[in-house]
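Just so you know, all these numbers are worked out from the coordinates, no wet-lab data involved. The structure displayed is predicted, hence computed values, not measured ones. All Cβ positions, glycine included, derive from the backbone under ideal geometry; neighbour counts span all protein chains shown.
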Amino acid sequence: MTDALLTAHDLRLRFGETTALDGASLRVRAGEVLALMGPSGSGKSTLLHCLAGILTPESGQVTFDGDDLAALTDAARSALRRTKFGFVFQFGQLVPELTCLENVALPLRLCGVSRREARVAAAGWLERLEVDDVAGKRPGQVSGGQGQRVAVARALVTRPTVIFADEPTGALDSLNGERVMKLFTAAARQTGAAVVLVTHEARVAAYSDREAVVRDGRVREQEFAA
Amino acid sequence: MSVGFALLGLLENGPAHGYDLKRNYDERFGAGRAPLHYGQVYSTLARLLKHGLVEVESEPGDGPDRKRYAITDAGITDVADWLARPEKPEPYLQSTLFTKIILALMTGRDANDLLDTQRHEHLRLMRELTRRKTDGDLADALICDHALFHLEADLRWLELTAARLDQLAEGITR
């Protein structure tokens, strides 16, 4: 596979006696939606966290745009996560004290964007994700599906190059899950962001371009093309 | 499901008489189905023989049961190709997949590869339906959803089977 934007090579990581990654390798192309599938405990979430620079593998290498993540300073890695990477998790990612609009504006504010500009951009993303009606509400006052769409808006607001999504619809019913996936993948494709999506649900994985299967801490050799 | 491939696969573990093959087939793959007729066994073996996929090791005596059938190299290649080829997703697919998985385990092939190939085939179709659903109206969505839920059920069975492969392999005596 050519033009890999993000690569993992022979990653190994243990948590105590448990081997989480056992020689995992993967390549993610710019702009693609890749589903990481596999049974519970297979290592797919750990692999995602290593790719995103949240966890550091004991051995092996993760590169983003040609740079070895381990060779970056902590500050450079944090900056990368703030500006080039976006994150969507299953739940609990929004700041409960802030309104939905403020939550979406927050990553821009952390990047030094003015309050006014950040709020305008945030409002635009809430509209694209069809949750502009909850802009003034706090996360505790909105439904699970709305909250996830706000979280997707927040992940996209900095126009990241890669979005890491770990079971983004895991806490939703099928109808809400589908709506989140439809809007999420459409928005990511429009901005050209790659998506690394951890899911155990085939109907969610069906929104991807291709899948890679993680089993026993390794990515199965067949990395199927789209 | 092709009885021919199943018989060929069973022969990979060693030559057998038609009678033993039938019994072996019924034991392993016959659950919920009518037993295989002898006529079908022998006509299938005759076809495999004609195509050079099996050969006969004759024993003294008369009658079809005096013939022992052995798989040829071409037969082994045919089994390998069949196992590696994904099945078209359709209702009651599990009986063919089940046969493939058992044969892969019996013959020392990687059953995980087979499951991955099949998952990919299912997801390919699910992506197509998801696109159709996303671009279409509510009627399209409902029609596609029906198919998607069925395909998802297949895949859930597939994942469960993948998780039980080690256990399944232990239970299979070569």
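Inter-label distance, B:A46 to A:T191: 6.8 nm, where each label sits 7 Å from its Cα along the C-beta direction. Enclosing the Cα atoms of the protein assembly as shown in their convex hull gives a volume equal to 167 cubic angstrom per residue. Remark: spin-label model distance A:D132-B:D135 equals 2.7 nm, labels positioned 7 Å along the Cα→Cβ axis. Under a straight-distance cross-link criterion of Cα-Cα below 17 Å, which aspartates and glutamates are reachable from B:K88, leaving out those fewer than 8 residues away in the same chain? Partners within reach: B:D113, B:D116, B:E121, B:E128, B:E152, B:D154. Helices meeting the span-like rule in chain B (full DSSP H runs, Cα extent of at least 20 Å along the helix axis, mean Kyte-Doolittle score of 1.0 or higher) are absent.
Would any residue of the stretch A:33-59 have its amide N under 13 Å from a label point 7 Å out along Cα→Cβ of A:D216? List them or say none. It comes to A:42, nothing else.
Other protein chain C-beta atoms within 10 Å of residue C-beta, averaged over B:151-163: 3. Here the simple spin-label model places points 7 Å from the Cα toward Cβ, and for B:I143 and A:A70 these points are separated by 5.3 nm. Note on B:117-124: average number of Cβ atoms from other chains within 10 Å of each residue's Cβ is 4. Compared with the alpha-carbon gap, the fully stretched path from A:F15 to A:R82 is longer by 21.5 nm at 0.36 nm per residue.
Provide, for q = 0.11, 0.19, 0.20 Å⁻¹, the log10 of I(q)/I(0) from a solvent-free Debye sum over equal Cα point scatterers in the stretch A:33-148. The Debye formula, applied to the Cα set alone, gives -0.48, -1.10, -1.14. Averaged over peptide A:198-211, the number of partner chain Cβ atoms lying within 10 Å of each residue's Cβ comes to 5.
Highest mean packing comes first when the peptides A:147-154, A:89-96, B:96-103 are listed by Cβ atoms within 10 Å, giving A:147-154, B:96-103, A:89-96. A 31 angstrom limit on the alpha carbon distance is what I want to check against. Which of A:K44/B:K100; A:K182/B:K100; A:K44/A:K137; A:K84/A:K182 exceed it? The answer is A:K182/B:K100; A:K44/A:K137.
Close amide-amide hydrogen proximity is noted between A:D209 and A:V33, A:L34, A:A35, each under 5 Å apart and 5 or more residues distant or on a separate chain (H modeled in the peptide plane; Pro and chain starts excluded). For the stretch B:87-174, the Stokes-Einstein estimate of translational diffusion at 37 °C and a viscosity of 0.692 mPa s comes to 233 µm²/s, using the Kirkwood hydrodynamic radius over alpha-carbon pairs.
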